[in-house]
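Below is one structure, written out as structure tokens; comments come after it.
The values are calculated or read from the model by the stated rules, or taken from the named source; none is laboratory data. Every value quoted in this text rests on a predicted model; they were computed, and no experiment measured them. Here the Cβ positions follow ideal geometry from the backbone for every residue, glycine too, while neighbour counts run over all protein chains shown. Please note that ligands, DNA and RNA were not included when accessible areas were found on the heavy atoms of the full protein model with its side chains. Shrake-Rupley method; radii C 1.70, N 1.55, O 1.52, S 1.80 Å.
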Amino acid sequence: MCGIVGVLGKHEVAPMLVEALKRLEYRGYDSAGIATVNGGKLDRRRAVGKLVNLQDLLVHQPLAGKAGIGHTRWATHGAPTERNAHPHRAGKVSVVHNGIIENFRELRAELAECGLAPETETDTETVAMLVSHYLESGLPPVEAASKALGRLEGAFALAFLFDGEEDLIVAARKGSPLAIGHGSGEMFVGSDAIALAPMTDRITYLEEGDWAVVTRAGAEIFDESGAPVQREEKRVRLDQTQVDKAGYKHFMAKEIAQQPTVLAEALGAYLKGDEIVLPSPGLDFTEVDRLVLVACGTAYYACLTAKYWFEKLARIPVEVDIASEFRYREPPVTKGTVALFVSQSGETADTLAALRYCAGRADRIASVVNVETSTIARESDLALPIHAGVEVGVASTKAFTCQLNVLLLLAIKAAEARGRMAAAEKSELLAQLRALPGLFNAALDRDGAIAEAARKISEARDVLFLGRGMMYPLALEGALKLKEISYIHAEAYASGELKHGPIALIDKSVPVIVMAPRDGLFDKTVSNMQEVMARGGKVCLISDARGIEEAGDGIWQSIPLPDVDERLAPLLYALPAQLLAYHAAIAKGTDVDQPRNLAKSVTVE
Ligand code: F6R
């Protein structure tokens, strides 16, 4: 979390830094700041809250200079105040940081012995103080920064700017991503290529432990031991970096609406006729005894859904875990295991740590990612892109359906390889999958009915979601979407669990959203629904037209969806779940794209 940027430009850099920060705001928006060096002197501007506050400040108090660094913050250490906002400064150095310095207390104590006291509550200021201390002891800037880097424990992407140095940024990466951008007579650093897209498409990704001395002439890169290393420069595809709302009111609305198109494109990327083509080196499912799927949040719910597919279609035993639990449980990962990590950003700290735990233990490390250049993709034996395009809204929408798509294709491939799915069945299922973008359009056409239901739901304090089978993970996802952007308390249960406790919560003030396509479990869900209604509960049923008809009277709200093959229902039913949350948030007037306390990329644990 937090986004950092640095520019050594030909012109004034403040507008470039602000533009880059706008593109990084998805990483946190508690405060923002920039620092420049101008006429040899460091200066900075910082403002609490969204970037727009910094922009306002810069109108009244402009910041000149052709070299600068910038930061957008998701607070970890210290409240989101101006004092705690980055860039931090000590003596002749300014720094921006993404990550957590775990040994900052020890370093602070050491600096205190030299009479140096911090002014902020942040871990980052300690880094600036340490570099400043080394500068004061006589080391030149690069050596001071490199010596300080050697003392830091934890996770960081850092960029340093120095008093008196208008052609120097020192940048470093350990545990948090960092990209270097190459211009002509200009150089850039940023948390990702998206931030740098308006300035350059020529990107070098630093690897774990790397640090770089960046000047307008280029970047010299060193590994953790200090040895010079070469890292490849790549061209980043600009279509992966477009971040406009395309006329929609919110990124989330745009991203929900894009799903028919991106799903069709994603299918096109994997299907050659009826052959499911995986990127090299592929995966031989005949040799897989067990799959371990690990992720966080929405991506975790995609994994829970995939468990049904892999087990039902391919008969492969699957374990699914939350990355933050998996990484510390030290679970046995035996031979014959393929470990699969699902992550939109490809940078989630817990998922990455879980991946590293499995490396060397599992037979293969595979990942399902949106950002193809991410650390998780790079550290996998096989990285499977979901082809969702840039997702900016903090609440994941199109990435979820595209994750489901790739996981389903994998399950079908596994079923075929293991002799569990005949060619005709596969061909029929793929035909249904190809028709899904059309059904997505039909689901999006229900927007009016969904918005109407959402307005009523938005008046509730608590909401329950119910689902059975593959609809259970979908219910969890629906509840997560609703709570994260509308701040309405929402919980999800497997329908069959209702009478084991949660039914005590039911009364007329608690809407119960039931996600139930007319599948093999439909009648059982209808019985659970009746139990809710018998206790005065208000049911909002999301089903197909016949399902709604068969469910009988007494339903409070119904949202009819097109008929869909039950194996594909999780993809289709994701859309009304997303739209319900979106419209409930609109009704409540919350910040849809940047909900409080959240950030898009969770690069700290
Ligand atoms: C919820 C949401 C999060 C992410 C989670 C994992 O809408 O977006 O729950 O799914 O933080 O992020 P990635 O997929 O980037 O690893």
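Do we find a residue being of a type in the set (D, E, K, R), closer than 16 Å to Ala449 by Cβ and without any contact (Cβ under 8 Å) to a residue 12 or more places away in the chain anywhere in segment 507-524?
Among the residues of segment 507-524, not one is of a type in the set (D, E, K, R), closer than 16 Å to Ala449 by Cβ and without any contact (Cβ under 8 Å) to a residue 12 or more places away in the chain, which makes the answer no.
If you check every pair at least six apart or on different chains, which have Cβ atoms under 6 Å apart with a residue in segment 331-352 that is away from the ligand (no atom under 16 Å from the Cβ) first and a residue that is part of a helix (DSSP H, G or I) second?
Val333/Cys358
State whether the residues of segment 531-551 include one that is basic (Lys, Arg) and within 24 Å of Ile586 (Cβ to Cβ).
Within segment 531-551 (the criterion being basic (Lys, Arg) and within 24 Å of Ile586 (Cβ to Cβ)), the answer is yes, since at least one residue qualifies.
Write out, first by first residue and then by second, each pair whose Cβ atoms fall under 6 Å of each other, whose residues are 6+ apart or on separate chains, and whose first residue, in segment 131-142, is among the polar types (S, T, N, Q) while the second is modelled with pLDDT of 95 or more.
Within 6 Å, the pairs are Ser132/Ala90; Ser132/Gly91; Ser132/Val93.
Looking at this structure, is Val368 in a strand (DSSP E or B) and within 11 Å of the ligand (Cβ to nearest atom)?
Answer is yes for this residue.
Among the residues of segment 358-375, count how many are within 20 Å of Lys307 (Cβ to Cβ) and either under 12 Å from the mean Cα position of the chain (by Cα) or open to solvent by 30 Å² or more (accessible area, probe 1.4 Å) (or both).
Of the residues in that region, 3 qualify.
How about segment 264-278: which of its residues are open to solvent by less than 40 Å² (accessible area, probe 1.4 Å) and either within 19 Å of Leu568 (Cβ to Cβ) or not hydrophobic (A, V, I, L, M, F, W, C) (or both)?
Of everything in segment 264-278, those that are open to solvent by less than 40 Å² (accessible area, probe 1.4 Å) and either within 19 Å of Leu568 (Cβ to Cβ) or not hydrophobic (A, V, I, L, M, F, W, C) (or both) turn out to be Ala266, Leu267, Tyr270, Leu271, Ile276.
Kindly indicate whether Leu598 is more than 20 Å from Ala451 (Cα to Cα) and either within 16 Å of the ligand (Cβ to nearest atom) or surrounded by fewer than 18 Cβ atoms within 10 Å (Cβ to Cβ) (or both).
Criteria met by Leu598.
What are the residues in segment 377-401 that are closer than 19 Å to Arg237 by Cα, in a helix (DSSP H, G or I) and within 13 Å of the ligand (Cβ to nearest atom), if any?
Within segment 377-401, Ala377, Ala399 qualify.
Among the numbered conditions (1) surrounded by fewer than 18 Cβ atoms within 10 Å (Cβ to Cβ); (2) touching a strand residue (DSSP E or B) at 6+ places or on another chain (Cβ under 6 Å), tell me where Cys303 comes up short.
(1)
Got a sec? Which of Tyr300, Tyr308 is more than 16 Å from the ligand (Cβ to nearest atom) and not in a loop (DSSP other than H, G, I, E, B)?
Going through Tyr300, Tyr308 in turn, the sole match is Tyr308.
Pick out the one residue from Asp56, Asp30, Asp43 that is crowded, with 20+ Cβ neighbours inside 10 Å, over 19 Å from His182 (Cβ atoms) and either at pLDDT 95 or above or of a type in the set (D, E, K, R) (or both).
Matching residue, one of Asp56, Asp30, Asp43: Asp30.
Are there any pairs with C-beta distances below 7 angstrom linking a residue in segment 526-552 that is farther than 8 Å from Ala516 by Cβ and open to solvent by 30 Å² or more (accessible area, probe 1.4 Å) to a residue that is assigned to a strand (DSSP E or B) and among the aliphatic types (A, V, I, L, M), with the two at least 6 apart or on different chains, and if so which?
Met533/Val539; Lys538/Val512; Ile548/Leu541
Here is a list: Glu325, Glu287, Glu319. Which entry is surrounded by fewer than 17 Cβ atoms within 10 Å (Cβ to Cβ), modelled with pLDDT of 95 or more and either polar (S, T, N, Q) or away from the ligand (no atom under 16 Å from the Cβ) (or both)?
Glu319
Among the listed residues Ala128, Ala195, identify the single one that is assigned by the TED database to the domain that holds Ser94, buried (at least 24 other Cβ atoms within 10 Å of the Cβ), touching a residue at least 24 places away in the same chain (Cβ under 8 Å) and within 27 Å of the chain's Cα centre (by Cα).
Ala195
Take the conditions at pLDDT 90 or above, in a loop (DSSP other than H, G, I, E, B) and open to solvent by less than 10 Å² (accessible area, probe 1.4 Å) and apply them to Val592. Does it pass?
yes
Could you tell me whether Glu391 is at pLDDT below 95, of a type in the set (Asp, Glu) and in contact with a helix residue (DSSP H, G or I) (Cβ under 9 Å, 6 or more places away or on another chain)?
Yes, satisfied.
Does segment 501-517 contain at least one residue that is open to solvent by 40 Å² or more (accessible area, probe 1.4 Å) and at pLDDT 95 or above?
No - not one qualifying residue is present in segment 501-517.
Given the residues Glu110, Glu125, Glu143, which is the only one that is within 21 Å of Leu21 (Cα to Cα), charged (D, E, K, R) and part of a helix (DSSP H, G or I)?
When all the criteria are applied, what remains is Glu125.
Report those helices (runs of 4 or more DSSP H) wholly inside segment 405-497 carrying at least 1 residues which are over 20 Å from Cys303 (Cβ atoms), within 16 Å of the ligand (Cβ to nearest atom) and in contact with a helix residue (DSSP H, G or I) (Cβ under 6 Å, 6 or more places away or on another chain).
Counting at least 1 such residues, we get 471-486.
To keep it simple, each residue is scored yes or no on (1) on the phi > 0 side of the Ramachandran plot; (2) touching a residue at least 24 places away in the same chain (Cβ under 8 Å); (3) not charged (D, E, K, R).
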residue: His387; (1), (2), (3): yes, yes, yes
residue: Val392; (1), (2), (3): no, yes, yes
residue: Leu410; (1), (2), (3): no, yes, yes
residue: Ala415; (1), (2), (3): no, yes, yes
residue: Gly419; (1), (2), (3): yes, no, yes
residue: Ser427; (1), (2), (3): no, yes, yes
residue: Leu430; (1), (2), (3): no, yes, yes
residue: Asn441; (1), (2), (3): no, yes, yes
residue: Ala453; (1), (2), (3): no, yes, yes
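So which of Leu521, Leu482 ends up being crowded, with 23+ Cβ neighbours inside 10 Å and not acidic (Asp, Glu)?
Leu482
Please determine whether any residue of segment 333-341 is in the same structural domain as Val368 (by the TED database), β-branched (Val, Ile, Thr) and surrounded by fewer than 18 Cβ atoms within 10 Å (Cβ to Cβ).
yes
Restricting to segment 559-578, what's the tally of residues that are assigned to a helix (DSSP H, G or I), open to solvent by 10 Å² or more (accessible area, probe 1.4 Å) and touching a helix residue (DSSP H, G or I) at 6+ places or on another chain (Cβ under 8 Å)?
1
Run Leu17 past the list (1) of a type outside the set (Gly, Ala, Ser); (2) buried (at least 18 other Cβ atoms within 10 Å of the Cβ); (3) assigned to a loop (DSSP other than H, G, I, E, B) and report the number of the one that doesn't hold.
Every listed condition holds for Leu17 apart from (3).
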